[in-house]
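In what follows, a single structure is set out as structure tokens and then discussed.
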Amino acid sequence: GKPLVVAIDGPSGSGKSSVSRETARRLHAAYLDTGAMYRAVTWYCLKTGVAMQEAAEVEKASREVDLQISTHPDHEQVTVSGTDVTQAIREPEISSAVSAVATTLGARAELIRRQQQIIADSGRRIVAEGRDITTVVAPDAEVRILLTASEEARLRRRGLQLGGTQSQQDLHNQVIGRDAKDSTVVSFHEAADGVFTIDSSDLDFEETIEAVLAVVRRAA
Ligand code: C5P
């Protein structure tokens, strides 16, 4: 089909990644998880001993990292210099450190540039998700959606995702704390002009997919 960009933003625990991946499958589209790119840069920084509070070092790392990300929705793979980091970037130590990369503006600029390149190169339908896709990475996307959910729903989902082993305090720090840090540089709690909001608090997975596909159908 003809190129179509579906941009989806939302806070952590909104179900954004699983919803975006499944939406891409249904649309026979490519899928870009931009959060995985921030995580991969974070992995590289920790691995190479970059001081996370040194903006110039973090920016330099973001420029030099050899980062590859699969855009096939059924093939989740991220590599750094050929090392498969797909699982490693989901570890709690990465989740706790990732906001340091995300709030380094020079590193953001570099990742935004790479994301725009991936979207342009895909040359076909692509679902891209993150925190600033509807506003910064792809503000001209045909479809722009903010996927939200109540704090309660987000905590519950992330808790289930992590196997229910986390204390409420840890969960709160991970979900709400990380969003608070990220919010200092990107705004994803309110929809920008022309961005369609879907509140998934009271929707199950399939209902959320249907809501997203309905917005796509109206736009395409
Ligand atoms: O989506 P995920 O939770 O994997 O994203 C990890 C982190 O990457 C976020 O907490 C945020 O710091 C950063 N991020 C971002 N902009 C994006 C996507 C992710 O700043 N577009």
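When you scan the stretch 120-137, how many residues do you find that are acidic (Asp, Glu) and more than 16 Å from the ligand (Cβ to nearest atom)?
In the first step, residues of the stretch 120-137 are kept if they are acidic (Asp, Glu); the result is 121, 129, 132.
Now drop any that are not more than 16 Å from the ligand (Cβ to nearest atom), which leaves 121.
So the count comes out to 1.
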* To do: Find all pairs meeting these conditions: Cβ atoms under 9 angstrom apart; at least six residues apart or on different chains; first residue within the stretch 1-22 and closer than 13 Å to Arg178 by Cβ; second residue of a type in the set (Val, Ile, Thr) and part of a loop (DSSP other than H, G, I, E, B).
  => none
* To do: Determine if the stretch 202-212 includes at least one residue that is touching a helix residue (DSSP H, G or I) at 6+ places or on another chain (Cβ under 8 Å), surrounded by 14 or more Cβ atoms within 10 Å (Cβ to Cβ), farther than 20 Å from Val19 by Cα and polar (S, T, N, Q).
  => no
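Might you check whether a residue that is small (Gly, Ala, Ser), farther than 30 Å from Glu142 by Cα and in a loop (DSSP other than H, G, I, E, B) occurs anywhere in the stretch 52-68? Don't jump to the end; show me each part of the working.
Let us first name the residues in the stretch 52-68 that are small (Gly, Ala, Ser), namely 55-56, 61-62.
Next, from what is left, pick out any that are farther than 30 Å from Glu142 by Cα: 55-56, 61.
Remaining after also requiring in a loop (DSSP other than H, G, I, E, B): none.
Looking for residues that are small (Gly, Ala, Ser), farther than 30 Å from Glu142 by Cα and in a loop (DSSP other than H, G, I, E, B), one finds none in the stretch 52-68, hence no.
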* Which members of the stretch 169-185 meet the condition of being within 21 Å of Ser18 (Cβ to Cβ) and either small (Gly, Ala, Ser) or within 17 Å of the chain's Cα centre (by Cα) (or both)? -> Gln174, Val175, Ile176, Arg178, Asp179, Asp182
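Collect the residues in the stretch 40-57 that are farther than 23 Å from Gln77 by Cα and either in contact (Cβ under 8 Å) with a residue 24 or more places away in the chain or under 22 Å from the mean Cα position of the chain (by Cα) (or both), keeping them in residue-number order. Lay out the reasoning, then the answer.
So in the stretch 40-57, the residues farther than 23 Å from Gln77 by Cα come out as 49-57.
Those that are farther than 23 Å from Gln77 by Cα and either in contact (Cβ under 8 Å) with a residue 24 or more places away in the chain or under 22 Å from the mean Cα position of the chain (by Cα) (or both): Met52, Gln53, Ala55, Ala56.
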* **Conditions (1) exposed (fewer than 14 other Cβ atoms within 10 Å of the Cβ); (2) outside any loop (DSSP other than H, G, I, E, B): number failed by Ala128** => (1)
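Since every read-out is calculated from the coordinates, none of them should be taken as a lab result. Remember, predicted model here, so these are calculated numbers, not experimental data. Cβ sites come from the backbone with ideal geometry, for glycine too, and all protein chains shown count toward neighbours.
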